[in-house]
Amino acid sequence: MNKAIFFDRDGTIIEEKGYICRLQQSEIFPFTAEAVRLMNKNHFKAIVITNQSAIARGICTREQVETIHREITENLANQGAVIDRFYYCPFHIEAVIPAYREKSEWRKPMPGMIFQAAADFHIDLSQSYMVGDDVIDIETGKNAGCKTVLVLTGKGCQARELLPARGIQPDIISENLLTAIKEIYG
């Protein structure tokens, strides 16, 4: 069985800028490549798990979101960092585009994307981590049976304040994705 670091996109590997349709509307954090290289070096699958309701809301197309993911993948690969796959959920219960109006098991905090990745890559979820900057990222990881890490980039500081009221505690709270990966490896 493989191990994985599942991680959120916006606010975790790129700046949180709301709904974006082009990578140029945001920036990849300068620490992202080193963090992903550490995942690769330590034989963890590097898998992005992201809600992308901008598709359901008619703000972006699937093609635009997939282009962003391809550009992130290529940028990091040019720095020697390999993302194994992006999983994204285009669905939302209040979608303006009928084809995307549904309650999906893939929409965080539901664990469907992680479960699919675990099946695709033969991942032991009990030996894996979900890293993100939002309450739903921590809930998703807990729902999937992973260890969880809250990073304080993006919405992280706000999420840290909200988690106790939700009765949720991440296994680790860290400054950013790179410091989180360093903490995971001790």
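When the residues of the range 133-162 are filtered to those that are touching a residue at least 40 places away in the same chain (Cβ under 8 Å), within 17 Å of Trp106 (Cβ to Cβ) and out of contact with any helix residue (DSSP H, G or I) (no Cβ under 7 Å at 6 or more places or on another chain), the one that is surrounded by the fewest Cβ atoms within 10 Å (Cβ to Cβ) is Ile136.
Scanning the range 1-27 for residues that are of a type outside the set (Phe, Trp, Tyr) and within 17 Å of Glu175 (Cβ to Cβ) gives Ile5, Asp8, Gly11, Thr12, Ile13, Ile14, Glu15, Glu16. Note on the range 1-54: among residues that are in a loop (DSSP other than H, G, I, E, B) and touching an Asp or Glu at 6+ places or on another chain (Cβ under 6 Å), the one that is nearest to Asn78 (Cα to Cα) is Glu27. Collect the residues in the range 130-186 that are of a type in the set (Gly, Ala, Ser) and touching a strand residue (DSSP E or B) at 6+ places or on another chain (Cβ under 9 Å), keeping them in residue-number order. Those that are of a type in the set (Gly, Ala, Ser) and touching a strand residue (DSSP E or B) at 6+ places or on another chain (Cβ under 9 Å): Gly132, Gly141, Ala144, Gly154, Gly156, Ala159, Ser174, Ala180. Within the span defined as the range 141-163, every residue fails to be at pLDDT 95 or above and touching a Cys at 6+ places or on another chain (Cβ under 7 Å). Candidates Ile13, Ile5, Ile49, Ile59: the one that is aliphatic (A, V, I, L, M), over 27 Å from Asn143 (Cα atoms) and surrounded by 15 or more Cβ atoms within 10 Å (Cβ to Cβ) is Ile59.
The condition (being hydrophobic (A, V, I, L, M, F, W, C) and touching a His at 6+ places or on another chain (Cβ under 9 Å)) is satisfied by just one residue among Phe115, Phe91, Phe121, Phe86: Phe86.
The values are calculated or read from the model by the stated rules, or taken from the named source; none is laboratory data. Predicted model only: the values in this text are computed from it and were never measured. In this analysis, Cβ positions are derived from the backbone assuming ideal geometry, glycine residues included, and neighbour counts consider all displayed protein chains.
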